[in-house]
Amino acid sequence: MNPNYSDPVVPLHFTANQRVFSNGVTMGGCLSAMDIADWFVARWGPGAGTITPEELQKGASYVKADSSEEAFATEEQADMDMPEPSVVVPWVLNEVVTSTESDYFKGEGHFELQASRLLSCWRAYGDQFPSAFAAEVCLFMQKAKVGQQLYGTIRLVACFLIQTFTSKRAAIHIKNGSQELWPSFLHGLGQRLQSACQELAPTEASLMLERVIQLLQTMKSLTSDYAYMMLLGHDSYQHGSNVKQLVCSIGKLLRDTAGVEKELKREAAKATAKRAPWEKGGDAEQAGSGTLP
């Protein structure tokens, strides 16, 4: 080892004045690239032991392949037996946000496993998967617990999505042949947010939209974190055309949803406001007495 080498110290911008060290302690200062890697992997780690792949696949049979043809046939069988995205996606996201593995390579292997499950589901369900994936992400965000855990949940899901969309590691970067997942995913995300405004109560739709916007903002900020993108194999500030296009598409979606979010907040405020005595749901006795509160 070169005695003059020192691990580059770089900031991880969680907040304006805070950094999180690999042991989970938050304090002012900077992190080395290895500290960043340790922290992210510690939060990702495997929790796959709780439900086996066989249970997830609902009894799919796996046979050790002795040739590439047999391997392909086995993979096809696994795809045929794959549960619907409504089963696979929330399970995968839950594994991402609840795992506690601290070993770097185990965490990396766990992340690859979750990505491969999504890829298998995509192959099994084809064009309907991206929109279903987007809808399940929206629902997962809407149901996330309020409190300190919410910030961590949003950030971990953002990290997971950025890795599956942009990582230089083929085992994590989800592509179906040459087809990227993120364009159709973002399109499905926009469609789901629009339909939520029509189908859900204003308060529920506003909550979903608010959290998905936070998710998109976090994803966008991660792509501008040079140290984080280095962990994904990007060795320049440009990151390549795929990342650039992703950032532009996220920015457009954020602009498109900004006006909708404001309107939903207005409608949510109206829906939860106190009813007048003479209105349906108001105080009938006060209305009958002719006095106002």
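Which one, Y125, S86, P202, projects farthest toward the positive side of the charge dipole computed for the stretch 71-212 from Cβ point charges (K/R +1, D/E -1)?
In the stretch 71-212, that residue is P202.
For the pair V247 and Q194, how long in nm is the line joining their label points, each one 7 Å along Cα→Cβ?
2.7
Among T100, T166, T203, which comes first, second and so on when ranked by fewest other beta-carbon atoms within 10 Å?
Listed from fewest to most nearby Cβ atoms, that is T100, T203, T166.
Quick one: 3J(HN,Hα) in Hz for the stretch 108-119, Karplus 6.51/-1.76/1.60 with θ = phi - 60°, rounded, Gly and Pro as x.
Going residue by residue, I get 5, x, 5, 5, 4, 4, 5, 5, 5, 5, 5, 5 Hz, with x marking Gly and Pro.
Between beta-carbons, use under 12 Å as the cut-off and find the net charge around A196, counting Lys and Arg +1, Asp and Glu -1.
Values: positive: R192, R211; negative: E199, E204, E210, E261.
Once positives and negatives cancel, what remains is -2.
Cβ under 12 Å from T272's Cβ, T272 left aside: what net charge do those residues give with Lys, Arg +1 and Asp, Glu -1? Each step should come with its number before you reach the end.
Details: positive: K265, R266, K270, K274, R275; negative: E204, E267.
Neighbourhood net charge equals +3.
Once the Cβ-Cβ distance between S224 and E267 is put in as r, and R0 is 22 Å, what FRET efficiency do you end up with, to the nearest 0.05?
The computed FRET efficiency comes out at 0.10.
If Lys and Arg each add +1 and Asp and Glu each add -1, what is the summed charge of the other residues whose beta carbon sits under 14 Å from the beta carbon of F165? Before the final figure, lay out the partial values.
Values: positive: K168, R169, K175, K220, K244; negative: E180.
Surrounding charge for F165 is +4.
Assign one of three labels to the stretch 124-283, namely rounded, prolate or oblate, based on the Cα gyration tensor with a ≥ b ≥ c the square roots of its eigenvalues; rounded applies when a/c is under 1.5, prolate when it is not and a/b is larger than b/c, and oblate otherwise. Walk me through the numbers before you get to the answer.
Numbers: a/c = 2.58, a/b = 2.09, b/c = 1.23.
Cα axes put the stretch 124-283 in the prolate bin.
Here, each number is a calculation from the coordinates, and none is a lab measurement. What you are looking at is a predicted structure, and each value in this text was computed from that prediction instead of being measured. Quick reminder, even Gly has a Cβ in these numbers, built from the backbone with ideal geometry, and neighbours come from all protein chains shown.
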